[in-house]
1. On the given criteria, is residue 225 closer than 24 Å to residue 134 by Cα, out of contact with any strand residue (DSSP E or B) (no Cβ under 8 Å at 6 or more places or on another chain) and buried (at least 17 other Cβ atoms within 10 Å of the Cβ)?
2. For the stretch 236-260, what are the residues that are under 27 Å from residue 376 (Cβ atoms) and buried (at least 20 other Cβ atoms within 10 Å of the Cβ)?
3. Only helices (runs of 4 or more DSSP H) wholly contained in the stretch 283-375 count here; list those with 2 or more residues that are within 23 Å of residue 255 (Cβ to Cβ).
4. Taking the stretch 52-64 as the search range and keeping residues that are more than 15 Å from the chain's Cα centre (by Cα) and buried (at least 23 other Cβ atoms within 10 Å of the Cβ), which one is farthest from residue 226 (Cα to Cα)?
5. For the stretch 261-290, how many residues meet the condition of being crowded, with 24+ Cβ neighbours inside 10 Å and at pLDDT 90 or above?
6. Can you give me the number of residues within the stretch 149-182 that are assigned to a helix (DSSP H, G or I) and over 17 Å from residue 323 (Cα atoms)?
7. So, in the stretch 209-222, of the ones that are touching a residue at least 12 places away in the same chain (Cβ under 8 Å) and over 20 Å from residue 250 (Cβ atoms), which residue ends up surrounded by the most Cβ atoms within 10 Å (Cβ to Cβ)?
8. List the number of the failed condition for residue 51; all other conditions in (1) in a helix (DSSP H, G or I); (2) closer than 25 Å to residue 311 by Cβ; (3) modelled with pLDDT of 85 or more hold.
């Protein structure tokens, strides 16, 4: 890659700010990033970009926003990664904070009750669709199905998802011994130096956590929880939902199922990664400062993992043990998403109208209708019918 093609930082920021403001649809966002970075701008070649996609799929965190950081890292080092990451996340953060403030003031209004009642039915369809599409991607052999059923059973009976994921990694390490490793594209030889910047950022994060612990213990607990959720979110942003649901609703009772589902609705109509739902949780708990702290907590691990693992990509992607463990984790997420579908469905008040909305939304999603259209049309129908 020639140095003349490297963009200046402000151009990187503006490009990813625009992408972040218009990127809906989960993993489909990676395709938008590729079109912009590889085809239109020529900042990275296709081989380098594909190496990044492979890496971001095997480390935990939201894949699309990690790809934003990867592009920044490859073009302008750690500073570039920070610029692209912040640019990509900023629109989602600002929009979800505005929507959370609006929700906080209006959720008892009859029109808002009807709106969210219908949209919750769509969220059940959406999580069910995610479970099926994850299943099609990751469940090929009887062993894969066994891990998925094991995870779903453990989750339905109240086991901590963090424990389920660790067990799935261990089971994957054992049962996939005879499975060949997928050959992933080799990363380019020109690797940015990240060790010193990474240590500086880690030090700043540690100081931030210590200050929160000393000054505001409640905010510290929430930040630490969000940080841990992102560290375990193998398989992208959707993987964070079962973890967040379990910790926020079941373990800590910070909010009920309905409110949490409304947070997912707001996360879906916001561009960018669905983990931005964390900002809604933070806002509902502690107002704007809670939204900011929860957002930092949920986004920092993804960023640190990208800049920390890119230099070791080759070793990571060719490690049989690591790949076997990740295989087990990805299969377990199919089970976790299936159990979340079950939880959401059993916590809803169903009638003919809600069932019809859920079924039509599910069919639309199966046929790859953009999630934004499904939610917008569902919102209009909810206000008119419910």
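The values are calculated or read from the model by the stated rules, or taken from the named source; none is laboratory data. Just so we're clear, the structure is a prediction, and the values are computed from it rather than from any experiment. Methodologically, a virtual Cβ is constructed for each residue, glycine included, from the backbone with ideal geometry; neighbour enumeration extends over all protein chains shown.
1. Working: closer than 24 Å to residue 134 by Cα: no; out of contact with any strand residue (DSSP E or B) (no Cβ under 8 Å at 6 or more places or on another chain): yes; buried (at least 17 other Cβ atoms within 10 Å of the Cβ): yes.
No, not satisfied.
2. Taking the stretch 236-260 as the starting set, the residues that turn out to be under 27 Å from residue 376 (Cβ atoms) are 236-242, 244-245, 248-249, 255-260.
Those that are under 27 Å from residue 376 (Cβ atoms) and buried (at least 20 other Cβ atoms within 10 Å of the Cβ): 236, 237, 238, 239, 240, 241, 242, 244, 245, 248, 249, 260.
3. Numbers: elements: 313-317, 320-346, 352-366.
Answer list for the stretch 283-375: 320-346, 352-366.
4. Applying the first criterion (more than 15 Å from the chain's Cα centre (by Cα)) to the stretch 52-64 yields 52, 54-55.
Within this subset, residues satisfying the condition of being buried (at least 23 other Cβ atoms within 10 Å of the Cβ) are 52, 55.
Working: 52: 24, 55: 22 Å.
So the residue we want is 52.
5. Residues flagged as crowded, with 24+ Cβ neighbours inside 10 Å and at pLDDT 90 or above within the stretch 261-290 amount to 9.
6. Matching residues across the stretch 149-182 total 12.
7. Residues of the stretch 209-222 that are touching a residue at least 12 places away in the same chain (Cβ under 8 Å), as a first pass: 209, 212, 218-219, 222.
Subsequent filtering for residues that are over 20 Å from residue 250 (Cβ atoms) retains 209, 212, 219.
Values: 209: 15, 212: 19, 219: 21.
So the residue we want is 219.
8. Here residue 51 clears every test but (3).
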